[in-house]
Structure formats: structure tokens, C-alpha cells
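A quick write-up on the structure given underneath.
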Amino acid sequence: MEFSVVTQEGRYDLEAAVRSVGDDTVVAIWGGERPHIGAVAFAQPRPSLKDPKATSATASVICALGHKEDDLVKAVSEILAATLNTRVVVTGGIHWDDLDGEGISRILRNSEILVDLILDQIARRSSRDTG
């Protein structure tokens with residue numbers, strides 16, 4: 001499986017490339033004026049600490065000096081790993097000059113939209129493969 005998605009919110013849109021590597025998933029997220037790799041997260045599913053019957057995830061993150069994508073890649077990797085029940089690596093590099101608080105909020109919302117787009121595409125492709 002390999003595909004790309006992009007938010008269509010008009011401002012502070014994010015893009016992601018998704019690829020299966022065996023049973024695992026790799027996601028690259030970028031956006032802005034200077035896309036790059038600012039942080040990397042590796043998440044793996046595990047039983048939830050609150051409810052062992054539910055699946056959660058734990059992630060480790062490496063962040064480049066001076067970059068702030070660590071929270072974003074950690075959150076995205078944990079959501080995807082728990083939902084897909086597989087190991088997930090997420091890279092992220094997002095940069096807009098002179099970003100204010102409203103812009104940061106919009107980017108965070110767009111990252112949530114991006115996760116929904118990724119999960120929707122995976123579900124569609126999975127149903128085509130099994131149907």
C-alpha cells in the first residue's frame with residue numbers, strides 16, 4: 001500500500017505520504033514554506049493501561065535541535081499504531097515563517113484532519129482488497 005493525502009483547508013495545509021513496509025506503516029508529514037524532517041516517532045501498539053482489552057500505543061521520539069514537531073509526530077504515530085494495531089514510524093517537518101498562535105492551532109487541527117484522511121484511505125484500500 002502506498003498513497004498520499006493532503007488537507008484541503010486553505011491555509012496551513014499538510015501533506016502525508018503513507019507506505020506499508022510489510023505489516024508496518026511509515027508516514028512522512030510535511031507542510032509550509034520549507035518542508036523537512038524535524039522529528040521522527042516510532043510507535044508500537046500495546047494493551048491499554050486502563051482497559052487491557054483495548055489497544056493503545058507507546059511512542060519514542062527523536063527531535064532535531066530547535067524543532068517543534070515532536071508532539072505532532074508522537075500523537076500521530078500513537079493514534080495510527082493503536083488504530084491499525086501495527087508498528088508505525090512518522091516523520092514530520094513543517095515550517096511557516098512568523099507563525100502565530102492561531103496558525104499553530106490551525107496546523108494542529110489540520111494534523112487531526114490528516115490522520116482522519118490517512119485512516120479513511122487505509123480503510124478504503126483494505127475493503128477493496130478484501131471485497
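The values are calculated or read from the model by the stated rules, or taken from the named source; none is laboratory data. Computed from a prediction, not measured in an experiment: that's the story for all the values here. Don't worry about glycine lacking a Cβ; one is built from the backbone with ideal geometry, like all the others, and counts go over all protein chains shown.
Asn85 fulfils the conditions (1) modelled with pLDDT of 95 or more; (2) at negative phi except for a single criterion, (2). Checking each residue of the stretch 100-114 against the condition of being under 20 Å from Val21 (Cβ atoms), outside any loop (DSSP other than H, G, I, E, B) and modelled with pLDDT of 95 or more gives at least one match.
Considering each residue of the stretch 19-41, count those that are closer than 14 Å to Ser111 by Cβ and assigned to a strand (DSSP E or B), and give that number. Residues in the stretch 19-41 being closer than 14 Å to Ser111 by Cβ and assigned to a strand (DSSP E or B): 8 in total.
Against the conditions (1) surrounded by 13 or more Cβ atoms within 10 Å (Cβ to Cβ); (2) part of a loop (DSSP other than H, G, I, E, B), Val5 satisfies every one except (2). Picking from residues in the stretch 35-60 that are surrounded by 18 or more Cβ atoms within 10 Å (Cβ to Cβ) and without any contact (Cβ under 8 Å) to a residue 40 or more places away in the chain, the one that is farthest from Glu15 (Cα to Cα) is Ala57.
For the stretch 63-77, a residue qualifies if it is surrounded by 14 or more Cβ atoms within 10 Å (Cβ to Cβ), out of contact with any helix residue (DSSP H, G or I) (no Cβ under 6 Å at 6 or more places or on another chain) and more than 12 Å from Ser111 (Cβ to Cβ), and the qualifying residues are Ala64, His67, Lys68, Asp70. Against the test of being of a type in the set (D, E, K, R) and either more than 22 Å from Arg34 (Cβ to Cβ) or touching a strand residue (DSSP E or B) at 6+ places or on another chain (Cβ under 7 Å) (or both), the options Arg87, Arg106 yield a single qualifying residue, Arg87.
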